[in-house]
Each structure stands twice: as C-alpha cells, then as structure tokens.
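Trainee: Take a look at this one; I'll ask things after.
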Ligand SMILES: Nc1ncnc2c1ncn2[C@@H]1O[C@H](COP(=O)(O)OP(=O)(O)OP(=O)(O)O)[C@@H](O)[C@H]1O
Ligand SMILES: [Mg+2]
C-alpha cells in the first residue's frame, strides 16, 4: 500500500457533523438534507461556499441521488426537510441513509484541494456511534457501519462555485468508538494516541468521567487508572428544551419555529421576529426551560452513575463536551459543583478531534504492517 493514505475524523452529530480533515482542518456541517431541485437564481450569494452544498452521491455502486446538504438544505428545502428529531433517538445512525449522505458529502468536502477537478484519495476514517447504539446486540451497528463505509464512494459538487469537482475516495480503514470516548481521547492523548504526561502525573488514581451532551443523546464514559470501566447513554439533549420552547411559541403565538432557527437565536442571543414583531420575553422563557431540562439531565446522570456502581464522591474529574455542555453549563455546575470539572474550550469539535487521533493511530498501523509485508515479500524474493 502506498504511503498516501489520509486521515479523517467524523462526528456524525444529530445536530451537526463535525469533521477533522487530513490537515486537521475543522468543518462544521448542519445535519440537514433536502432533495435537490433546479433553482431560479439571478445572482448567487457565494460568500459562504459551505452553504452551497448541492451534491450527487454514490455509495460504492449504489446511486443515492442529488441533494442539498447543510445550510443549503435549510435555505432551499421546498418544505421537504430531513432533520433528526426525537423520533430518531432509537432508530440509530448506522442504518440511516440520510446520515450516510451527509457523511459522504462531509468527507468529500474535507478532501477538496484548489485547482483540481478530479480528486482520488484513500482514507482511514475515525468515527463514532451513540453509546447505546454502539453496544446494542453485540455491536451489530458497528459492523453495519463499517460494512457500509469500507470501499469506494464518490461525490460530485454541483454548484458552479465548486467548479464541477468530483471526489472519489476509498475508505481503506475505519475505527468506530462510542460517542464521548473520542472526546476523552482528544483531551488526554497526543496526536499519535499516547497519554499526555500531565494526565499520567495528576490523574492516575482518579475516576474520570467523560460527559458528552449532544442534541439528542448524552454519552458517559467512565475511566479508572486510564482503563475503560463502563459506558452508558442518556436519552436527553438540547432538543428537549428546544422542543419545549417550540411548543410554547406554538401555543402562545400560533407559529411553528424550526429548531435550527430557534437554536441559533438562543446561542447568539438574537431577537426572534414573528410577522415583524419581537417576542418580548423569549430569552427569559428559554432560560427557565433550559434550566428545567438541565436539572432533569443532571438527575438522570446521577441515578445512572449510581446504577453503574459509582457514587458522586468517587468521581475525581468530569470532562464535559458537546454543544449541550455549553447550553446546560450553569445547571451542571450548580448541581454537581463539588466534582472537579473541565469544560472544554472546543466542546463542539472535541469528539471529531479524538476520532481523528484514533484514525491516525490506525493509519500508522496500516503503514507499519504494509512495511512488514514489503520486507517479507522481499525476503521471499
Ligand atoms: N456556544 C454555544 N452555546 C450554547 N449552546 C450551544 C453552543 N454551541 C452549540 N450549542 C448547542 O449544542 C447543540 C448541539 O450540540 P452537539 O453539536 O454536541 O450535538 P450533536 O453532536 O450534533 O448531537 P448528538 O450528540 O445527539 O448526535 C445545539 O443544539 C446547541 O443548542
Ligand atoms: Mg454529539
């Protein structure tokens, strides 16, 4: 095997895909999909190419069709918007075709290079599944995902800004971990997967919990003496307060506000206008509902932690990550204040960075094995 295999890390988030490309470039793509259609445009707004993802996708030999992905799906969906909702909590990600389309598009995007019309690459992919899905039925989803992804895929970028680029990539190696574990790897290990001295020195005797709060699911990873001890998932995330706020707006104002729009309004502390009128006490209502759901999350965290044999005083460190750790930060701090905590300053990308490190490790193994294979072949000669 040649030495030109690239590394990609992908977090298949229910809310957004987080991708770390071969040169460690970070990409954030909303997990929304819509069928492609011809648009009537006079002048395209080309300031944000990431909002111009119109693609034609092939998974191995199966033609998956033409789609708008991410911001483009949000802007041009003609009412047919495919986004993950609470109903998808138990349908899983591994067997979901929409997830596959967004993933293949995101990987292709991370492989783009300037002034090249046809791109062919081999990659090793590091990725993850929600903890409960990962361990279900003897890891059947992990096998399914690996089986779907290993092989050659192609993505054609249809918007003129991309110059008809076609990306063909072969996934030659793949590593899948439970969500949340990747984030711990991102914090405690270096790029080649070795434990950082700082952690070895200061945390070897502590029980460390990774707590990844996502959009639909939250994932907990327990480590003792740097050995994995247990994992569990919680069916809660940022979608819970968001849905409550959407319900409130429906009841009080007779309007349906899309989740991603509301999400952006809250994060950016913006106004929400309905028929030109500002909803006056929106941020106050949001705070109440976020606090309420945050408390529920902490309660479930506490009881599930106890059920897995760990009492709160036994926890020496919690590493918090995922966008939800930012939304629920106050509540988590308030109710778990005695436990030492690290809130990552790159909370949203952390899982993807860990997946990239995992993939890097696999890539080095492939290289080493192929070097051994080469030595053996030469000796036989
Ligand atoms: N700066 C921020 N402040 C507050 N909340 C934020 C911030 N950034 C992101 N979020 C919240 O994080 C959520 C998305 O989190 P994240 O990207 O971890 O989810 P995901 O990985 O896509 O979902 P899942 O883990 O369920 O698959 C959004 O709903 C948003 O409300
Ligand atoms: Mg997540």
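No lab work stands behind these numbers, since they all come straight from the coordinates. From a predicted model like this one, the values you see are computed outputs, not experimental measurements. Neighbour counts run over all protein chains shown; Cβ positions are idealised from the backbone, glycine included.
Trainee: Given a Förster distance of 22 Å, report the FRET efficiency between residue 364 and residue 201 from their Cβ-Cβ distance, rounded to the nearest 0.05.
Mentor: Between residue 364 and residue 201 the formula returns 0.30.
Trainee: Express in % the proportion of alpha carbon pairs of the chain at distances exceeding 32 Å.
Mentor: Cα-Cα pairs in the chain separated by more than 32 Å: 37 percent.
Trainee: Which number do you get for Rg(Cα) / (2.2 N^0.38 Å) in the range 105-156?
Mentor: 1.46
Trainee: Follow-up. Stokes-Einstein at 25 °C, 0.890 mPa s, Kirkwood radius from Cα pairs: D for the range 180-230 in µm² s⁻¹?
Mentor: Reported coefficient: 214 µm²/s.
Trainee: Which value, in Å³ per residue, describes the convex hull spanned by the Cα atoms of the range 267-313?
Mentor: 93
Trainee: Bin width 5 Å, alpha-carbon pairs only: give the P(r) of the range 146-200 as whole percents, running from 0 to the bin holding the largest distance.
Mentor: So the P(r) values, bin by bin, are 4, 14, 14, 13, 12, 15, 13, 9, 4, 2, 0.
Trainee: Another question, if that's okay. So for the range 193-278, what percent of the C-alpha to C-alpha distances run longer than 15 Å?
Mentor: I get 71 percent for the Cα pairs in the range 193-278 exceeding 15 Å.
Trainee: Semi-axes of the equivalent ellipsoid of the range 51-95: what are they in whole Å, largest first, if each equals the square root of 5 times a C-alpha gyration tensor eigenvalue?
Mentor: Working from the Cα gyration tensor, I get semi-axes of 20, 18, 8 Å.
Trainee: Take residue 140 and residue 229, extend 7 Å from each Cα along the Cα→Cβ direction, and tell me the distance between the two endpoints in nm.
Mentor: Result for the modelled spin labels: 3.1 nm.
Trainee: Which percent of Cα pairs goes in each bin when the distances of the range 278-361 are cut into 10 angstrom slices starting at zero?
Mentor: Bin by bin from 0 Å, the calculated values are 15, 37, 32, 13, 3, 0.
Trainee: Counting C-alpha atoms alone, how compact is the range 232-280: give Rg to one decimal and Dmax as a whole number, in angstrom.
Mentor: According to the Cα coordinates of the range 232-280, Rg and Dmax are 12.2, 45 Å.
Trainee: Suppose we keep just the alpha-carbon trace of the range 222-320; what are its Rg and Dmax in angstrom?
Mentor: So, for the range 222-320, Rg and Dmax equal 18.1, 57 Å respectively.
Trainee: Given axes a ≥ b ≥ c from the Cα gyration tensor, I'd like to know whether the range 1-147 is rounded (a/c under 1.5), prolate (a/b larger than b/c) or oblate.
Mentor: oblate
Trainee: Let me ask something else about it. Beyond 23 Å, what share of the Cα-Cα pairs of the range 148-257 is found? Please give it as a whole percent.
Mentor: Result for the distance tail: 59 percent.
Trainee: Next question, about the same structure. For the range 76-134, state what percent of all Cα-Cα pairs lands in each successive 10 Å bin, counting from 0 Å until the bin that includes the largest distance.
Mentor: Calculated over all Cα pairs of the range 76-134, the distribution is 16, 40, 29, 15, 1 percent.
Trainee: Also, quick follow-up: Quick one: what do you get for the range 290-337 if you divide its Cα Rg by 2.2 N^0.38 Å? Intermediate results must be reported in sequence, preceding the final value.
Mentor: Details: Rg = 10.7 Å, N = 48, 2.2 N^0.38 = 9.6 Å.
Against the empirical 2.2 N^0.38 Å value, I get 1.12 for the range 290-337.
Trainee: What FRET efficiency comes out for the pair residue 291/residue 345, r = Cβ-Cβ distance, R0 = 25 Å, nearest 0.05?
Mentor: For residue 291 and residue 345, the calculated efficiency is 0.60.
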